[in-house]
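Enquirer: Please find one structure pasted underneath; my questions will follow.
The values are calculated or read from the model by the stated rules, or taken from the named source; none is laboratory data. What you see is a predicted model; the values in this text were computed from it and never measured. Cβ atoms come from the backbone with ideal geometry, glycine included; neighbour counts cover every protein chain shown.
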Amino acid sequence: MGGIFGVVSKSDCVLDVFFGTDYHSHLGTRRGGMAFFSDKGFACGIHNIENSPFRTKFEHEIGSMSGKIGIGCISDSEPQPLIVRSHLGSYAITTVGRVNNIRQLAEKTLADNRTHFLEMSSGDINPTELVAALINQCDSIIEGIRYAQECISGSMTLLVMTSSCLYAARDRMGRTPLTIGSREDAHCVSFESFAYMNLGYKDCHELGPSEIVRITADGIETISPPRDAMKICSFLWIYYGYPTSSYEGKNVEMVRYRCGERMARRDNVRADLVAGVPDSGTAHAIGYANGSGIPFSRPFIKYTPTWPRSFMPQDQNLRNLIARMKIIPIDVLIRKKKLLLIDDSIVRGTQLRETTEFLYQCGAEEVHIRPACPPLLFGCPYLNFSRASSIMDLIARRVVDVREGSQAVEKLENYANPESENYRQMVDAIKQRLNFTSLAYNRLDDMVDAIGLPAEKLCTHCWNGKG
């Protein structure tokens, strides 16, 4: 995934960009960068953040940086922001999204313009560089952004920084959010709406799908109006959005409470306590406890001073090891207890199975699992957020493939139906594989109801293949 942040100010904005970008660190684990424009021109810094947080990589550099316009990015993939020099002038660009047709677009660009692309160490083309190349095929930055929006299959939300303003553009279908904040002497634009609260900005404007806005220190101007059709990612509320953020007017923490409450309404399990798998499962568990009357407790605590995020290392085995080492049990809340755990989702199931085994070893009598979203049956074709690198990493999909073989794809719709016998047997098979006492997923209709937006405005592709 990734997050972006930008500021246009009447005074130096380096600290605002630094802190605003740092507040997006939960969205990416590989690269962090900032770019500024000052009297000395454009300047950019990018660091690897796989083994050290964004803040520690830049806190010693910000004293030498300056500028009244700046952008920052936390990325799970390519290095950015990039500084581009073209017939449109010089500008910096940063993006969030996924370009499924990147090779086709690159080949067409190479054939039409005889330009070139720099290869990353992986051998791939930097998607942000490709977006810049698409913009440069037009006669203005605005036309170029529109052209890129129409060409790209997948999703693309972006910021372009010139010497005088910022251009902000939300993805064509609004799959990712973008919000503008304002104060007397500046405006900012942010993926996460909470990222500017402590910097003195107030909510000003949330971009609609496909909307393009020109931002200066004095104000904002909509250059291209929003479209009505929207498919914002539902996982923003369930998993990767930060609890203090709101998207389309729906606060993440409150949605998670409602998810838990709706799960409790359909459940009759007897448990001694409800706990969330930290951190994103915690709010769902509070909602479940409120709805069920079963007390909320924390039978194990994450030790985070040295490893604040279990998915920080890129190596999966190391991630699993760190996830296990971080969990410190509280014996009195586990031994001889019937535990009900709520996690945001089950992807591979590896870490949750190990957590369950760990709790059994600590003396738990029963471990009931309640994921806050339905079984993941489809890979995401729109965003690079998933912790799974392959569809077959999804345990629900593996179970279906074992049961159905070559007919699996044709029968996925039936497996996504919580009223079907296939769904029941799939859930039972996952429970057996992961050694849970019981397993019951949140239903898609309840999850959509908890979010509180019309179903047609939400992307639910991960669960039912409809995006």
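Enquirer: For Ala396, state whether it is assigned by TED's automatic domain parsing to the domain that holds Arg353, out of contact with any Asp or Glu (no Cβ under 8 Å at 6 or more places or on another chain), assigned to a helix (DSSP H, G or I) and farther than 15 Å from Pro374 by Cβ.
Expert: Criteria not met by Ala396.
Enquirer: Here are the criteria: (1) within 19 Å of Arg146 (Cβ to Cβ); (2) not assigned by TED's automatic domain parsing to the domain that holds Ile142. Tell me which single one Tyr242 does not satisfy.
Expert: (1)
Enquirer: Sticking with this structure for a sec: Which is among the polar types (S, T, N, Q), touching a Cys at 6+ places or on another chain (Cβ under 6 Å) and touching a residue at least 12 places away in the same chain (Cβ under 8 Å), of Asn435, Asn442?
Expert: Unique residue meeting the criteria: Asn442.
Enquirer: Given the conditions (1) hydroxyl-bearing (Ser, Thr, Tyr); (2) touching a residue at least 60 places away in the same chain (Cβ under 8 Å); (3) buried (at least 20 other Cβ atoms within 10 Å of the Cβ), report the number of the one that Ser90 does not fulfil.
Expert: (3)
Enquirer: Now a separate question. In this structure, is Glu419 surrounded by fewer than 17 Cβ atoms within 10 Å (Cβ to Cβ), in a loop (DSSP other than H, G, I, E, B) and of a type in the set (Asp, Glu)?
Expert: For Glu419, the condition - surrounded by fewer than 17 Cβ atoms within 10 Å (Cβ to Cβ), in a loop (DSSP other than H, G, I, E, B) and of a type in the set (Asp, Glu) - is met.
Enquirer: Given the criterion in the same structural domain as Ala168 (by TED's automatic domain parsing), crowded, with 20+ Cβ neighbours inside 10 Å and more than 26 Å from the chain's Cα centre (by Cα), identify the matching residue among Ile152, Ile141.
Expert: Ile141
Enquirer: Does Ser86 satisfy the criteria of being within 24 Å of the chain's Cα centre (by Cα) and within 29 Å of Ser153 (Cβ to Cβ)?
Expert: It is false that Ser86 is within 24 Å of the chain's Cα centre (by Cα) and within 29 Å of Ser153 (Cβ to Cβ).
Enquirer: So, in the range 86-99, exactly how many residues are more than 15 Å from Tyr147 (Cβ to Cβ), modelled with pLDDT of 95 or more and not hydrophobic (A, V, I, L, M, F, W, C)?
Expert: Of the residues in the range 86-99, 4 are more than 15 Å from Tyr147 (Cβ to Cβ), modelled with pLDDT of 95 or more and not hydrophobic (A, V, I, L, M, F, W, C).
Enquirer: Right, here's the next one. Which residues, taken from the range 8-33, are among the β-branched types (Val, Ile, Thr), more than 19 Å from Tyr240 (Cα to Cα) and part of a helix (DSSP H, G or I)?
Expert: If the condition is that a residue be among the β-branched types (Val, Ile, Thr), more than 19 Å from Tyr240 (Cα to Cα) and part of a helix (DSSP H, G or I), then Val14, Val17 are the ones that fit.
Enquirer: A follow-up question, please. Look through Glu59, Glu107, Glu50 and report the one residue that is in contact with a Phe, Trp or Tyr (Cβ under 9 Å, 6 or more places away or on another chain), within 26 Å of Met1 (Cα to Cα) and acidic (Asp, Glu).
Expert: Glu59
Enquirer: Answer yes or no as to whether Met325 is modelled with pLDDT under 95, closer than 30 Å to Arg298 by Cβ, surrounded by fewer than 16 Cβ atoms within 10 Å (Cβ to Cβ) and out of contact with any Leu (no Cβ under 8 Å at 6 or more places or on another chain).
Expert: yes
Enquirer: Hey, another quick one. For the range 444-460, which residues satisfy the criterion of being out of contact with any helix residue (DSSP H, G or I) (no Cβ under 8 Å at 6 or more places or on another chain) and either surrounded by 20 or more Cβ atoms within 10 Å (Cβ to Cβ) or among the basic types (Lys, Arg) (or both)?
Expert: Lys457, Cys459
Enquirer: While we're on this one: Being of a type in the set (A, V, I, L, M), in contact (Cβ under 8 Å) with a residue 24 or more places away in the chain and within 30 Å of Leu439 (Cα to Cα) narrows it down to one residue among Ala271, Ala229; which is it?
Expert: Ala271
Enquirer: Let me ask something additional. Output the number of the condition that Asp267 fails; it satisfies all remaining conditions of (1) within 23 Å of Thr356 (Cα to Cα); (2) outside the structural domain of Leu458 (by TED's automatic domain parsing); (3) modelled with pLDDT of 95 or more.
Expert: All conditions pass for Asp267, except number (2).
Enquirer: Out of curiosity, is Val400 farther than 30 Å from Ala289 by Cα and surrounded by 14 or more Cβ atoms within 10 Å (Cβ to Cβ)?
Expert: The answer is yes for Val400.
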